[in-house]
Amino acid sequence: QVQLVESGGGLVQPGGSLRLSCAASRISSSLDVMGWYRQAPGKQRELVASITSSGTANYADSVKGRFTISRDNAKNTVFLQMDSLKPEDTAVYYCNGVMRSVWSGNYWGQGTQVTVSS
């Protein structure tokens, strides 16, 4: 099965930056959509940003202007550059990938913790 592995999480002060990476493996073609979700304790998982294989990106209103999603199709890797981080950005961030031509082709990474605190 497709595996997604995240990296880059950690502790950062408010106003700081962090760059998350997620690499997909065990696939021979590009994922149609890759994205990032986040979930804070007691909250439901929410979409942060997504990007199609053609490069069309979408962002949650709460992160527009601060976060940038990008991807490398050849490597099936997606990135999330997070700038001007706020305490409310604190959450576990999950990488997600979708392969529309495959039944149950919806994959998740294990999550990486992002903590924004002074």
- May I ask you to list the trypsin sites (Lys or Arg not before Pro) in segment 1-96 that are in a DSSP loop and have at most 16 other Cβ atoms within 10 Å of their Cβ? ARG26, LYS43, ARG45, LYS64, ARG66
- Per residue accessible area of the chain, 1.4 Å probe, in Å²: 53 Å²
- Give, in nm to one decimal, the length gained when the segment between SER62 and SER28 is fully stretched (0.36 nm per residue of separation minus the Cα-Cα distance). 8.8 nm
- Message: Can you give me the convex hull volume of the Cα atoms of segment 1-57, divided per residue and expressed in Å³?
- Response: 122 Å³
- Query: What list of ³J(HN,Hα) couplings, whole Hz, do you get for segment 66-78 from phi and the Karplus terms 6.51, -1.76, 1.60, once you set θ to phi - 60° and write x for glycine and proline?
  - Reply: 10, 10, 9, 9, 8, 8, 10, 4, 4, 9, 6, 10, 10
- Item | Backbone HN-Hα couplings from phi across segment 41-56 [Karplus 6.51/-1.76/1.60, Hz, Gly and Pro as x] | x, x, 10, 7, 5, 10, 6, 9, 7, 9, 8, 7, 5, 8, x, 6
- Environment charge of VAL116, counting only residues whose C-beta is closer than 10 Å and scoring Lys/Arg +1, Asp/Glu -1: -1
- Query: How much net charge surrounds TYR107 when only the other residues with a Cβ under 15 Å from the Cβ of TYR107 are counted, with Lys and Arg +1 and Asp and Glu -1?
  - Reply: +2
- Rh (Kirkwood; distinct C-alpha pairs) - the chain, Å: 14.2 Å
- Message: Please compute, for the alpha-carbon atoms of segment 33-98, the extent along each of the three principal axes and give them in descending order in Å.
- Response: 35, 22, 17
- Item | Shape metrics for segment 77-118, restricted to C-alpha atoms - Rg then Dmax, Å | 13.6, 45
- Item | Heavy-atom accessible area order for THR68, THR115, largest first, 1.4 Å probe | THR68, THR115
- Note on the structure: A 1.4 Å probe over the protein heavy atoms gives segment 17-71 a carbon and sulfur accessible-area percentage of 44 percent
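The values are calculated or read from the model by the stated rules, or taken from the named source; none is laboratory data. From a predicted model like this one, the values you see are computed outputs, not experimental measurements. Neighbour counts run over all protein chains shown; Cβ positions are idealised from the backbone, glycine included. Surface accessibility is based on the protein's heavy atoms, side chains included, excluding ligands, DNA and RNA. Shrake-Rupley method; radii C 1.70, N 1.55, O 1.52, S 1.80 Å.
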